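As structure tokens, the structure follows; a few thoughts come after it.
Readers should treat all values here as calculations from the given coordinates under stated rules, not as data from a laboratory. Quick caveat: nothing in here was measured; it's all calculated off a predicted structure. Cβ placement follows ideal geometry from the backbone for every residue including glycine, while neighbour counts extend to all protein chains displayed.
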Amino acid sequence: MTDIKFTYIILETLLFIIFLISGYLLSKAKSNSQYWKIALIPIIAFAIISGLRFGREIDYNVYYMNYIFSRKNNEMEFLFMQLVNAFKYFSIPFYGFVLFCSTFLITSLLYFLNKFRKAVFFILPLFLGIMGIENLIRWYLAFSFILIAVKVLLDSRYFVSVLFVVLAILVHKGILLCVIVVFLFYVLSNKVIINHNVAVLLFAITMFLGSVDQLITVASVFNTVSISDSSKESNYMENAQSIASGDMSTGIYKTGPLTKIIIFISYVFPIYFGGKYLLKNKLQNKEYIWLYNLATFSIIIMPIFSLVDVFNRISGALMIFTITFVGMSTLYFYKLRHKNTVIYCLLLISFSCSSFLILRIPFYMIGDSRMLFIWDANGRNYLPF
């Protein structure tokens, strides 16, 4: 094991522990003031450990070139380019911009989770299992605005919500696909769309029978209803079709049978029992119905969408709402643990499986170039791509 990998394992494990402890403390916060004082702990930890990564997959290196050679005719969205130009005006290096993006993401997440404060202990650590959160810089910068938009939407501040949606799109047009899904389910939040039994069945089918070939049709649909004439957006979809059809050998994420079983256990119990009991007792609460509908939809598409990078971006973002519902389900049965001990134990098994998957990530990471921090740059500004 190299020193670089050892450092990466230690810091990523430390981050998970910090999130676990911070989640517990946040769930006990008695006021907004106390909540945000405690929130500084995970914000600073995530900003340092994730924000100071170097050469984080291809996006880091591509956006470095954009940061240095940005021009008025650049295809990047308006707000993203204005942020880049502002940082460059003050002579802030690229890693400072990346640090800002990571800090804004975790702050936006905690702002959203304040709506579900009591369950943060069961939600916050699972955030670290979302693929791409520290690699897809512009995508999750845009999604940070969506998290704020959703929070103010749930607070019935509709105009402000629309404003943040617009800001998100001005960072990354592709985020509109997530916006449509999230807000469509909010409009339809007066009833349960997918029964918990059906949801589990469909989840099992996509998890164990889903294949990358099925994404060819999805990619074709995305191309047909393209929301942009941008050649960059078109290339995304063309590459997705090429990957799914086997014309390209990169961009496919493969998952072994054992890992699939662990992932299935991580979500099946919270979705099933949460749908069966949580909604039964809070059936008039549109907030919980919206969250359940969005969570079931996200978990059903996740096994297939996560196979290819382009669609994994959409799936990963939506999975943030899934882990929120998972946390709410676990909290619900924690309160009833003396009456429903077996169910609570099953949900703890789910939480343990999710934690295991997160903690093993750094151990399974291959290639020191994927585990570097800014102090490992050795004078380099980016890695070849």
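The amide H of Val308, built 1.01 Å from its N in the peptide plane, has Tyr253 as neighbours under 5 Å, considering only residues 5 or more places off or on other chains. Taken along the Cα-to-beta-carbon direction at a fixed 7 Å, the label points for Ile68 and Ile21 span 3.9 nm.
With the cut-off at 1.5 for a/c, could you classify region 135-206 from its C-alpha gyration tensor as rounded, prolate or oblate? Judged from the Cα gyration tensor, region 135-206 comes out oblate (a/c at least 1.5, b/c at or above a/b).
Roughly what angle does helix 341-364 make with the longest principal axis of the chain, taking Cα atoms, 0 to 90 degrees, to the nearest 10? Computed tilt is about 20 degrees. Averaging Cα coordinates gives a centre for region 313-354 and one for region 149-215; these two points are 19 Å apart. When Phe159, Phe356, Phe351 are arranged by Cβ crowding within 10 Å, least crowded first, meaning fewest neighbours, the order is Phe159, Phe356, Phe351. Per-residue ellipticity at 222 nm, computed for the chain from helices alone with -39500 (n - 2.57) per DSSP H run of at least four residues, works out to -22500 deg cm²/dmol. For Lys339, Lys88, Lys151, the sequence from fewest to most other C-beta atoms within 10 Å is Lys339, Lys88, Lys151.
Using the count of nearby Cβ atoms within 10 Å as a rough guide to exposure, how do Leu40, Leu170, Leu258 rank from fewest to most? Each step should come with its number before you reach the end.
Details: Leu40 12, Leu170 18, Leu258 8.
Lowest count first: Leu258, Leu40, Leu170.
In this structure, the amide hydrogen of Phe373, modeled 1.01 Å from its nitrogen in the peptide plane, lies closer than 5 angstrom to those of Phe54, counting only residues at least 5 positions away or on a different chain. Equivalent-ellipsoid semi-axes for region 12-141 (Cα gyration tensor, √(5λ), whole Å, largest first): 30, 15, 12.
Using the Cα gyration tensor of region 273-344, with a ≥ b ≥ c the square roots of its eigenvalues, what is the shape: rounded (a/c below 1.5), prolate (a/b larger than b/c) or oblate (neither)? Cα axes put region 273-344 in the prolate bin.
Quick one: if the Förster radius is 35 Å, what FRET efficiency do Phe87 and Lys118 give, using the C-beta to C-beta distance and rounding to 0.05?
On the way: r = 37 Å, r/R0 = 1.06.
FRET efficiency, Phe87 to Lys118: 0.40.
Subtract the Cα-Cα distance of Ile44 and Leu201 from 0.36 nm times their separation in residues, and report this length gain in nm to one decimal.
Details: separation 157, 0.36 × 157 = 56.52 nm, distance 4.03 nm.
Going from the current span to full extension adds 52.5 nm.
Taking 1 over the mean of 1/r across every pair of different Cα atoms in region 313-372, what Kirkwood radius in Å do you get?
Working: mean 1/r = 0.0734 Å⁻¹.
One decimal place: 13.6 Å for the Kirkwood radius.
In this simple spin-label model, placing a label point 7 Å from the Cα along the Cα-to-Cβ direction at both Phe356 and Lys286 gives a separation of 4.1 nm. What the Cβ-Cβ distance of Ile374 and Val160 gives, at R0 = 45 Å and to the nearest 0.05, is a FRET efficiency of 0.80.
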